[in-house]
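The values are calculated or read from the model by the stated rules, or taken from the named source; none is laboratory data. Given the structure is predicted, the values throughout are model-derived calculations rather than measurements. Here the Cβ positions follow ideal geometry from the backbone for every residue, glycine too, while neighbour counts run over all protein chains shown. Heads up: the accessible areas ignore ligands, DNA and RNA and are worked out on the full protein's heavy atoms, side chains in. Shrake-Rupley method; radii C 1.70, N 1.55, O 1.52, S 1.80 Å.
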Amino acid sequence: MRKGFQIQTLGHHRHGQRTLRRIQQSHRRNGRGKINYALLVEYDGLCFHGFQTQKNLISVQENLEDAAKILLKEPIAVSGAGRTDTGVHARGMIVNFKTTKTVENFGKFLLSMNAITDSGLSILTMGEVEEEFDSRFSCTSREYEYLILNTKFPRPTWKNRAFWYQHKIDVPRLEAELELLKGEHDFRSLAKVISLKNRSTVRTILESKLERSAEFDGLLKIRIRANGFLHNMIRILTGTLLEIANGKRKDTNVLDILSSKDRTIAGITLPPHGLYFLRAYYDSHPQIDSMYSLRDLQK
């Protein structure tokens, strides 16, 4: 039987007082198992050596685990929907952890977590989820975005936030290449070779599109949603697409490169600072959608 679910997020009262927005259903804890909580977090990739814990290096995972341990007074193991590399940002990463302790006040817990964790990390919403939910293994698709600043001169305010590319881009060609990507393909030629041992390289692209920023002229957003990604796949793919769209590979399309299954045929690996983890999707856990919706309502 599906457990009840509650979510809470932080907002501001119209008179300036901090208040709480809550969607709540009655819930009961059955048996003696641990309670499973999901968090929606945002972080600046420049502040961490990736998501996953690494010895003697600052990571998002370790930050969250240490903070939760202080508040709940027991060891906590955090799982994340994606294991982003050093320098990769996240606007909507879902993580979860299990604990024997009940979090009675989500609002206070969120405030405390944000006070304890590093300044490059923010926990935006929180919810109790089913015991079997795992932010990584329950995830059915993930969505990333790569930002390209296509301007004549670099813009200092976008440094380490988007990849500056001063060369001409054939936007219609870029859009056409993104359309070709949709569907199931073998992405062996667009992944870090050393990471492919004994792994399937077939992935399904559910959505791939180009958006132009309405707020900043010259800012392009390549957004891709898939059922999975290989190591460095989006950074290599975007580097390859730029080489096609600027005419360097005018007689080649992305399907030709995919069919070669040869990494040396593809383009360069773009730097991590232009890449953002946007969202994790869970077909069997629609309550996670509510966490994103509440995040979007925050002011």
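Data for the structure
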| quantity | calculated |
| --- | --- |
| Among the candidates D118, D134, residue that is of a type in the set (D, E) and in contact with a helix residue (DSSP H, G or I) (Cβ under 8 Å, 6 or more places away or on another chain) | D118 |
| Qualifying residue in the stretch 226-239 (condition: touching a residue at least 24 places away in the same chain (Cβ under 8 Å), under 18 Å from R91 (Cα atoms) and of a type in the set (D, E, K, R)) | yes |
| Failed item, numbered, when A77 is tested on (1) open to solvent by less than 30 Å² (accessible area, probe 1.4 Å); (2) closer than 24 Å to S138 by Cα | (1) |
| Residues located in the stretch 80-99, provided they are of a type in the set (S, T, N, Q) and open to solvent by less than 60 Å² (accessible area, probe 1.4 Å) | T84, N96, T99 |
| Residue ID - most open to solvent (accessible area, probe 1.4 Å), chosen from residues in the stretch 154-184 that are in contact (Cβ under 8 Å) with a residue 24 or more places away in the chain and within 18 Å of R225 (Cβ to Cβ) | E179 |
| Residues located in the stretch 100-122, provided they are open to solvent by 30 Å² or more (accessible area, probe 1.4 Å) and free of Cβ contacts under 8 Å to residues at least 40 places away in the same chain | E104, N105, K108, N114, A115 |
| Some residue of the stretch 217-226 being open to solvent by 80 Å² or more (accessible area, probe 1.4 Å) and out of contact with any Cys (no Cβ under 6 Å at 6 or more places or on another chain) | yes |
| Subset of the stretch 227-251 (residues that are aliphatic (A, V, I, L, M) and under 23 Å from P172 (Cβ atoms)) | I234, I236, L237, L241, L242, I244, A245 |
| Meets criteria (open to solvent by 10 Å² or more (accessible area, probe 1.4 Å) and among the hydroxyl-bearing types (S, T, Y)) for T125 | no |
| One residue from L174, L149, L178 being hydrophobic (A, V, I, L, M, F, W, C), under 24 Å from I257 (Cα atoms) and within 21 Å of the chain's Cα centre (by Cα) | L178 |
| Those strands (runs of 3 or more DSSP E) lying entirely in the stretch 59-165 with at least 2 residues of a type in the set (K, R) | 89-99 |
| So S208, is it under 23 Å from D262 (Cα atoms) and surrounded by 19 or more Cβ atoms within 10 Å (Cβ to Cβ) | yes |
| Criterion violated by G239 - all others in (1) at pLDDT below 95; (2) small (G, A, S); (3) in a helix (DSSP H, G or I) satisfied | (1) |
| Scope the stretch 35-58; condition in a helix (DSSP H, G or I) and open to solvent by 10 Å² or more (accessible area, probe 1.4 Å); matching residues | L46, C47 |
| Failed criterion for R249 (all others in (1) among the basic types (K, R); (2) in a strand (DSSP E or B); (3) farther than 20 Å from E143 by Cβ hold) | (2) |
| The stretch 185-198, residues that are over 22 Å from the mean Cα position of the chain (by Cα) and modelled with pLDDT under 95 | V193, I194, K197, N198 |
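Okay, residues lined up against (1) among the hydrophobic types (A, V, I, L, M, F, W, C); (2) surrounded by fewer than 20 Cβ atoms within 10 Å (Cβ to Cβ); (3) within 18 Å of G80 (Cβ to Cβ); (4) without any contact (Cβ under 8 Å) to a residue 12 or more places away in the chain:
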position: K248; (1), (2), (3), (4): no, yes, no, yes
position: N253; (1), (2), (3), (4): no, yes, no, no
position: D256; (1), (2), (3), (4): no, yes, no, yes
position: K261; (1), (2), (3), (4): no, yes, no, no
position: I265; (1), (2), (3), (4): yes, yes, no, no
position: P271; (1), (2), (3), (4): no, yes, no, no
position: G274; (1), (2), (3), (4): no, no, no, no
position: D283; (1), (2), (3), (4): no, yes, no, no
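Residues checked against (1) polar (S, T, N, Q); (2) part of a loop (DSSP other than H, G, I, E, B); (3) farther than 28 Å from Y165 by Cα:
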| site | (1), (2), (3) |
| --- | --- |
| D256 | no, no, no |
| S259 | yes, no, no |
| T264 | yes, no, no |
| I268 | no, yes, no |
| L278 | no, no, no |
| S284 | yes, yes, yes |
| I288 | no, no, yes |
| M291 | no, no, yes |
| L294 | no, no, yes |
